[in-house]
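The structure follows.
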Amino acid sequence: MKRIINLILQDTCLLLRNALFWVVTVSLLVIILSVRFLIPEDFNTDAQRLVSWNLNIESPAITSLESEQAVLESVKEEATVGFIQHGDTITLVHSGLSAKAQNALMTALFGKPSGLEIKVRSITESKGRIPENIRLTPVFICFEALISGFLMAGVLMLEEKEGKTIKAYRISPAGTLEYVTAKTILFGIIGTVYALLMAVSIIGFQFRWGGFILLAFVSSSLFTLLGLSLTVFFHDMSSWFSLSVCVLALNMLTMVSYSSPSFSPPWIRVIPSWPMLFAFEELMFGMGRGIGVTLLLVLAETAVLFILACFLVRKVLLKSERRIL
Amino acid sequence: MYNEVVDRVVKKERDDMINVRDLYHDYTGDGKYAVAGISFSIDKGEIFGFLGPSGAGKSTVQNIMTGLLKLQKGEVTYDGRKISELGISFFNRIGVSFEHPNVYKRLTGFENLKFHAGLYSVPTIEPMEVLEWVGLRDQAEKKAGEYSKGMLQRLTLARALINQPEILFLDEPTSGLDPSTSAQIRDLILKQRENGATIFLTTHNMELADKLCDTVAFLNEGKIAAMDKPNNLKLKYGKKEIVITYEQDGEVKTDSILMEDRSTLAQMLEKVTPIKIHSQEASLEDIFIKVTGRRLSS
């Protein structure tokens, strides 16, 4: 443990003197300010998918489902807008539609009131509308705060390779486990702090802290381990950077599902950020979904990546045979 | 009689701290050995010099001995135990100073030593004390990136000493240092030997090797060309000469005469009036050239 703490302190010193750390931190603050002051609360003009049960009105824009429960599930899981009719009462079910958008939708579908009673029901636990800018917070957490470990751990490892300080580490009694653990803990903490900073600055203190911190730490560790596992194969910053851009771009594809939850094909669900995005949405806005499965999944992925990172760091970074003459 | 010889050899091997037997290493796997059939032993408290030009295989041998390179063929033992059996705690016993300084440039000299010391599970020396030894105490709070080449070399050496190693591997420890600092480092190496450390010195600086080493091995093209105490090598391969400086016809001239050639020496002394007479023995470089046909500094 003494060695791990020592390595964490060393990496912290190195990080505080590295320009990348400050670039990431400043960009984080810029994102927070943009969300708070630049991005409007209601910018989403995309047509939302409409579903219904037992609705007397027929419209090609509305998909009829087989039960009331199916409508509620669709609204919850796919962020559709639902209509449920009981006699003369139509209930509009949504998961964060603004009042303006609700009125526009009602007028377009039903015209002027014709003896129908229309109720509005939000399925989010907070019962309130989630402004579009605020709803972006999980996106920024997943694609800025949590991936910082991927970038920074990679940069530190490359600096150790280029400066050959890793050779000095190899002739010390410290081993692979300490090396990987120290970096994972450090960047797990940094990612969590960044995520908390974003969440608190943007939505305040009203979210599920315990689950949030746990998920942020594990997710951040996962990206750090992914960064370490890939960086061992590179010797210079430029080739490593190209691959990193590709990996991070692939990881960001899940944004499409987040903005249109009905688009969640199996291939997109296997990208690590997919369950994270929806879990953070749940933890911050209370969408009525469980996060237990997501937490277990991310924990399992992190455990597998930890074993892989230890294997690769030992095999490629610390034990590689090179021609040194 | 035979048993006595065997007992002597076994006892000698037990007393030897380091034994290297028939070491081979092939980087490419095509049978071209970077080192081939290297064997030597080092007693506890001895300074063993490994001399050879760049590319001779010095660092390969050192890297195998420190576990940085995998042992392919041959045997390396410490106190009779094979290197493969030693485990990670072996690194608590050794210190390695690399030829090319490899310290964290963003950390200060003090931080470099403090964090490296934190990796050991044996008592370590206070960083400031080691920095004092290598003459860097005043520069302790300066980032290593601002150090000169010589200062970086000294910081690398300081890092190798931080865990009070029993065995020190020094790769060109005085490279890039001015004569005064070189002398300071030489004294520091001798002090480590006085404190009981065994030192494996890799260098192509024959003057340093001559001053420090109890035994030297000449490495050429991956093989040991000669190995003995420096004085024995000089006796075996060198010629003792008398150098006479004299004035003749208004010019200062110098002649060398073999010490055993007394008649020529007597004739010379009758003919000229010497200004200066001194004896001269072969340097390690002369002997290296004689043995290998190559210069050490090439």
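The values are calculated or read from the model by the stated rules, or taken from the named source; none is laboratory data. What you are looking at is a predicted structure, and each value in this text was computed from that prediction instead of being measured. In this analysis, Cβ positions are derived from the backbone assuming ideal geometry, glycine residues included, and neighbour counts consider all displayed protein chains. Note: areas computed on protein heavy atoms with side chains; ligands, DNA, RNA excluded. Shrake-Rupley method; radii C 1.70, N 1.55, O 1.52, S 1.80 Å.
Sticking with the crude label model, points 7 Å out along Cα→Cβ, report the distance from A:Asn103 to A:Ile307 in nm, one decimal please.
5.8
Quick one: work out the % antiparallel among DSSP beta bridges in the protein assembly as shown, nearest 5.
Taking every DSSP beta bridge with both residues in the protein assembly as shown, the antiparallel ones total about 55 percent.
Right, something else. Considering only DSSP beta bridges whose two residues both sit in chain B, what percent are antiparallel, to the nearest 5?
65
I've got another one for you. Only protein chains counted, 1.4 angstrom probe. Which residues of the range B:52-83 are at least 40 Å² less accessible in the assembly than when their chain is isolated?
SASA drop of 40 Å² or more in the range B:52-83: B:Leu68.
To check you understand DSSP bridge types, tell me what percent of the beta bridges within chain A (both residues inside) are antiparallel, rounded to 5.
About 30 percent, rounded to the nearest 5.
On the accessible surface of the range B:173-246, probed at 1.4 Å, how many percent belong to carbon and sulfur atoms?
On the range B:173-246, the fraction of accessible area on carbon and sulfur atoms equals 45 percent.
Taking only Cα atoms and a 10 Å spring cutoff, compute GNM fluctuations for chain B and point out the largest among B:Asp249, B:Asp178, B:Asp43.
Comparing B:Asp249, B:Asp178, B:Asp43 in the GNM, the peak value goes to B:Asp249.
Follow-up question, since we're still on this one. Determine the shielding of peptide A:161-170 by partner chains: average, over its residues, the number of Cβ atoms on other chains within 10 angstrom of each Cβ.
5
Evaluate the relative contact order of the range A:159-273 (contact order divided by residue number), counting alpha-carbon pairs under 8 angstrom at least 6 apart; express in whole percent.
Here the relative contact order equals 24 percent.
Sticking with this structure for a sec: If I model a spin label at B:Asp187 and A:Leu297 as a point 7 Å from the Cα along the Cα→Cβ vector, what separation in nanometres do I get?
My value for the distance between the label points is 6.9 nm.
Right, something else. Using R₀ = 41 Å, calculate the FRET efficiency as 1/(1 + (r/R₀)^6) where r is the Cβ-Cβ separation of B:Glu247 and B:Lys211; round to 0.05.
FRET efficiency, B:Glu247 to B:Lys211: 0.75.
What list of ³J(HN,Hα) values in whole Hz, one per residue of the range A:263-269 in order, does the Karplus curve 6.51 cos²θ - 1.76 cosθ + 1.60 (θ = phi - 60°) give from phi, with Gly and Pro shown as x?
9, 9, x, x, 5, 7, 6
Residues of the range A:1-36 with accessible area at least 30 Å² lower in the all-protein-chain context than alone (1.4 Å probe)?
SASA drop of 30 Å² or more in the range A:1-36: A:Lys2, A:Arg3, A:Asn6, A:Gln10, A:Cys13, A:Leu14, A:Arg17.
Roughly how tilted is helix A:209-231, in degrees to the nearest 10 and between 0 and 90, from the longest Cα axis of chain A?
Here the helix axis deviates by roughly 50 degrees.
For the range B:14-163, what's the relative contact order in percent, using C-alpha pairs closer than 8 Å and at least 6 residues apart?
Across the range B:14-163, relative contact order equals 22 percent.
Estimate the FRET efficiency between B:Leu269 and B:Asp138 by the formula 1/(1 + (r/R0)^6), using the beta-carbon distance for r and 51 Å for R0, to the nearest 0.05. Don't skip to the answer; put the middle values down first.
Numbers: r = 55 Å, r/R0 = 1.08.
My answer for the efficiency is 0.40.
Okay, next question. What number comes out for accessible area per residue over the range A:144-274 if the probe is 1.4 Å? Units Å², please. Please report the intermediate quantities before stating the final value.
Values: 4610 Å² over 131 residues.
Result: 35 Å² per residue.
Can you tell me what percent of all Cα-Cα pairs in the range B:64-106 are more than 14 Å apart?
On the way: 508 of 903 pairs.
Value for the range B:64-106 (Cα pairs over 14 Å): 56 percent.
Give me the accessible area buried between chains A and B, both sides summed, with a 1.4 Å probe, in Å² rounded to the nearest 100.
3000
Gain in length, A:Ala19 to A:Lys315, computed as 0.36 nm per residue apart minus the alpha-carbon separation, to one decimal in nm? Show your work: numbers first, answer last.
Values: separation 296, 0.36 × 296 = 106.56 nm, distance 2.97 nm.
Separation in residues times 0.36 nm, less the Cα-Cα distance, equals 103.6 nm.
Here's another thing I want to ask about it. How much length, in nm to one decimal, is gained on full extension between B:Ile277 and B:Lys290, taken as 0.36 nm per residue of separation minus their Cα-Cα distance?
Details: separation 13, 0.36 × 13 = 4.68 nm, distance 2.57 nm.
Stretched fully, the B:Ile277-B:Lys290 segment lengthens by 2.1 nm.
Output the 0 to 90 degree angle, nearest 10, between the alpha-carbon long axis of helix A:176-203 and the longest principal axis computed from the alpha carbons of chain A.
30
How many percent of the accessible area of the range B:38-94 is carbon or sulfur, using a 1.4 Å probe? Can you show the working numbers first?
Details: 910 of 1970 Å².
Carbon plus sulfur share of accessible area: 46 percent.
Still on this structure, I have one more. Provide A:Arg36, A:Arg289 ordered by accessible surface of protein heavy atoms (probe 1.4 Å), highest first.
A:Arg36, A:Arg289
A further question on this structure: Can you tell me the orientation of helix B:149-161 relative to chain B, as the angle in degrees between its alpha-carbon axis and the longest Cα principal axis, to the nearest 10?
With rounding to tens, the tilt is 60 degrees.
Chymotrypsin sites (Phe, Trp or Tyr not before Pro) within the range A:205-301: which are DSSP loop residues with at most 12 other Cβ atoms inside 10 Å?
In loop regions of the range A:205-301 (DSSP not H, G, I, E or B), the sparsely surrounded chymotrypsin sites (Phe, Trp or Tyr not before Pro) are A:Phe205, A:Phe233, A:Phe263.
A follow-up question, please. Name the residues of the range B:212-243 whose amide N is less than 17 Å from a point 7 angstrom out from the Cα of B:Asp261 along the C-beta direction?
Those under the cut-off are B:238-243.
Still on this structure: Per 20 Å bin, what percent of the C-alpha pairs of chain A does each bin hold, from zero upward?
Binned Cα distances yield the sequence 29, 47, 19, 4, 0.
Given the alpha-carbon gyration tensor of the protein assembly as shown, what are the semi-axes of its equivalent ellipsoid in whole angstrom, ordered largest first, with each equal to the square root of 5 times an eigenvalue?
76, 24, 19
Let me ask something additional. How much FRET efficiency would the formula 1/(1 + (r/R0)^6) give for A:Trp267 and B:Glu75, where r is the Cβ-Cβ distance and R0 is 35 Å, rounded to 0.05? Can you show the working numbers first?
Working: r = 54 Å, r/R0 = 1.54.
So, using R0 = 35 Å, E works out to roughly 0.05.
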